[in-house]
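Presented below is the structure to which this report refers.
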Amino acid sequence: MTITKDRTNTAGMQNSFGFRDIHPNERQHLVNNVFSSVSDSYDFMNDLMSGGLHRLWKDSLICQLNPPKSSSQFKILDVAGGTGDIAIRAMKQGGKGCTAIIYDISSEMLDIGRHRVSSAGLSDRVDLVEGNAERLPFQDCHFDAYTISFGIRNVTRIDHTLQEAYRVLKPGGHFICLEFSKVTVPMLDYLYDFHSFKIIPRLGQWAANDWTSYRYLVESIRKFPTQDRFSDLISSVGFEQISHYNLTGGIVAIHSAWRI
Amino acid sequence: MASDVIRPQSKSCCAVSIECVGQKKAIDRHLLDLLVCPITKSSLEYNADRSELISWHAQLAFPIVDGIPLLVREASRVLTDNDI
């Protein structure tokens, strides 16, 4: 088994599963297993690992999205949004004209999302569809916004995923991505490395009895392209007005881009 | 060719009821109209009896489970002569 710890500098994560070098055909299956395995404890673990910060990061994404409060139509596609975190927040923030489709490859995560959407009384505004982010089953030029939160580093081909995002967005549509990124604050990177590699897998083992899945999560974070490299990838499929801003010293970054 | 056959669908109602085990879930007609085949991007035909979305171009049928369309190749069924 080969181990590569460098950040991915190509258009895809297809040759890596965390730090392990793998064949691209293996990857989706391995990633699916991770999310089936962690779905029950996913939110609890997110709170535990991030000290609750993931809630603030998701709120920041909703600020960027800024769904209209009016009753005018605003259609959101939330990719890798299985548990409904982003879609439910967006519906609460936006007016009655806001609708969302939660799209995810994991049926276990979608199952959680379905119950949450129903409990929030949002079933008439939120639909759920299961599928792969690299092959969207939606018509061209349909959505006003495409969101993907902590999802894109788990896809096999980032470039295919971005091309599909571009295709389904209307001209004038907004692409917003929240993802773990490269820490830019001196010293914080050392602390963060310690937390990631020494503490998170242990928390995963202790709280969810699952060392391997959480080890994958931290390794995949470290493999994901840097802020600038990811901006280049977004630009390469045709998006314009690309910007990003770092949250919590670059532990996560929000990338924003528009289909003009 | 199967893909050339025109198959009229009822458009008279905006929601289509699907009976699932233990629950009833309405699939919104607007969602069905928006969905396309993930592989060929061609239109899908809804088969209410089997709770499936059929892609004649890809020759695949995708299941709808508990009201959620499963539009992944791995979940699909290859169409046979009996489907035509």
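Of the residues making up region A:72-92, those that are in a loop (DSSP other than H, G, I, E, B) and within 21 Å of residue A:56 (Cβ to Cβ) are A:80, A:81, A:82, A:83, A:84. Taken together, the criteria place residue A:95 among residues that are more than 11 Å from chain B (Cβ to nearest Cβ) and either out of contact with any helix residue (DSSP H, G or I) (no Cβ under 9 Å at 6 or more places or on another chain) or part of a helix (DSSP H, G or I) (or both).
Is it the case that region A:189-206 has a residue that's closer than 29 Å to residue A:76 by Cβ, touching a Leu at 6+ places or on another chain (Cβ under 9 Å) and among the hydrophobic types (A, V, I, L, M, F, W, C)?
No; the residues of region A:189-206 include none that is closer than 29 Å to residue A:76 by Cβ, touching a Leu at 6+ places or on another chain (Cβ under 9 Å) and among the hydrophobic types (A, V, I, L, M, F, W, C).
Restricting attention to region A:113-159, the residues being over 13 Å from residue A:86 (Cα atoms) and either of a type in the set (S, T, N, Q) or in contact (Cβ under 8 Å) with a residue 60 or more places away in the chain (or both) number 17.
Restricting region A:117-133 to residues that are facing another protein chain (nearest Cβ under 7 Å) and assigned to a loop (DSSP other than H, G, I, E, B), the residue that is farthest from residue B:65 (Cα to Cα) is A:132. Here residue A:162 fits the description: over 20 Å from residue A:62 (Cβ atoms) and either of a type in the set (Asp, Glu) or more than 10 Å from chain B (Cβ to nearest Cβ) (or both). Here region B:66-83 is the region considered, the condition is being at the interface with chain A (Cβ under 8 Å from one of its Cβ atoms) and of a type outside the set (D, E, K, R), and the residue that is surrounded by the most Cβ atoms within 10 Å (Cβ to Cβ) is B:71. Just to verify a result, which residue in region A:134-149, among those that are crowded, with 24+ Cβ neighbours inside 10 Å and part of a loop (DSSP other than H, G, I, E, B), is nearest to the other protein chains (Cβ to nearest Cβ)? Here the answer is A:137.
Could you please let me know if residue B:39 is in contact with a Ser or Thr (Cβ under 8 Å, 6 or more places away or on another chain) and at pLDDT 95 or above? Spelling it out, residue B:39 is indeed in contact with a Ser or Thr (Cβ under 8 Å, 6 or more places away or on another chain) and at pLDDT 95 or above. The set of residues in region B:26-47 that are at the interface with chain A (Cβ under 8 Å from one of its Cβ atoms), among the β-branched types (Val, Ile, Thr) and in contact (Cβ under 8 Å) with a residue 12 or more places away in the chain contains only B:39.
The values are calculated or read from the model by the stated rules, or taken from the named source; none is laboratory data. This structure is a prediction, so every number in the text was calculated from the model and none was measured. Here the Cβ is made from the backbone with ideal geometry for all residues, glycine too, and neighbour counts use every protein chain on show.
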